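Everything on this sheet refers to the single structure shown next.
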């Protein structure tokens, strides 16, 4: 098993362990999500992807997180971690800035949306046939969910979805043309 796959599975294991603790603590951990425009809510940028409002929410995020994350893991551990971090940061900051005041946002769906748009945009920016094909499959399989997730619904953070999607495109652009497995140039 590659290091990237181990990291992906470790991220999922942390999500599940946190949810078990959260359930045992009567959902007291959810308060550590992203609280819009509150300075204390900024810590949620780091914690929110690991917090969920129940096992159904967690399962709904785990399946696409793993499926899309595995496709990114083929690029290596550093790329997976960098893409995850960029998406989580942009998704979290965007949510913190534009979500309704007093709202708290949790869940990995912003990262899931970012993984999807990363895979779609990566092929566009790199102009590689295999990556374009993967992007098209992502559009076919997840496109309807992506569009539906951007529409405002009560209790669903469309802000996290939108800014996660933006984060995926930003990550794809940042890494365009850079082979993650290439050896660094000598200094």
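Below, the figures for the structure above:
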read-out	value
Protection proxy ranking of 128-137, 81-90, 3-12 - average other beta-carbon atoms within 10 Å, highest first	81-90, 3-12, 128-137
Residue-averaged 222 nm ellipticity for the chain, from DSSP H runs of 4+ at -39500 (n - 2.57), nearest 500	-22000 deg cm²/dmol
Principal semi-axes in Å for region 52-185 [√(5λ), Cα gyration tensor, largest first]	26, 15, 13
Cα gyration tensor category, rounded, prolate or oblate, for region 92-163 with a/c compared to 1.5	prolate
Length-normalised contact order of the chain in % [C-alpha pairs under 8 Å, at least 6 apart]	25
Spin-label proximity, residue 20 to region 72-115 - amide N less than 20 Å from point 7 Å beyond Cα toward beta carbon	107-108
Calculated SAXS-style log₁₀ I(q)/I(0) at q = 0.12, 0.16, 0.21, 0.29 Å⁻¹ - region 54-109, Debye, Cα scatterers	-0.36, -0.61, -0.90, -1.11
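Readers should treat all values here as calculations from the given coordinates under stated rules, not as data from a laboratory. The model shown is predicted, which means the values in this text are computed figures rather than measured ones. Note: ideal-geometry Cβ built from the backbone for every residue, glycine included; neighbour counts use all protein chains shown.
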